[in-house]
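The values are calculated or read from the model by the stated rules, or taken from the named source; none is laboratory data. Just so it is clear, the structure is predicted and the values come from calculations on it, not from any experiment. Cβ placement follows ideal geometry from the backbone for every residue including glycine, while neighbour counts extend to all protein chains displayed.
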Amino acid sequence: MLFISMKKKTIGLFFLAIILCLVVVIIYSTAKVSHNENKYQSVLAMTQMFDDTHFIAYISDVEAHKNKQNVEVFDIAKGEVILTEPSSIDIQNEVFNYVKTIKGLYTKVMPFPEKGYVIRVPFDTPMKVDQELLNKSGI
């Protein structure tokens, strides 16, 4: 048998050091979260609402590339695409002009609502949006 002898004071200091490290990590993470809370509150809310699997499956659909030329209207309550129409340059330009007019982010938005519609509009060629708000956010 092997006995390791340690004094109670040494063990106490060891556990005190571990507790202090944990407290520092908690304080640091709390400071980072509170710093980002106002700026990214909608993103945090989005990550907490991943229980609506139909909607998540729709926005991350692998088969979307097969129908990439179609505009799709997704009903969140039903969990399915209710309308599919061929995409046109007029629709793409309308969406592009709408995105260019964005002036700010609304942080209280519910990213995964229980009802409503999501419209997916594919672009034939990627379009660059020179929007200061989106560029600052890394989008």
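Is there any pair with a first residue in segment 123-139 that is over 28 Å from N70 (Cα atoms) and a second that is surrounded by fewer than 11 Cβ atoms within 10 Å (Cβ to Cβ) and at pLDDT below 70 whose Cβ atoms are under 9 Å apart and which are 6 or more apart or on different chains, and what are they?
Going by the 9 Å Cβ cut-off, the qualifying pairs are L133/I139.
Does segment 82-94 contain at least one residue that is within 21 Å of the chain's Cα centre (by Cα) and either in a loop (DSSP other than H, G, I, E, B) or modelled with pLDDT of 75 or more (or both)?
No - not one qualifying residue is present in segment 82-94.
Hey, among the residues in segment 95-117 that are of a type in the set (S, T, Y) and not in a loop (DSSP other than H, G, I, E, B), which one's nearest to N135 (Cα to Cα)?
Here the answer is Y98.
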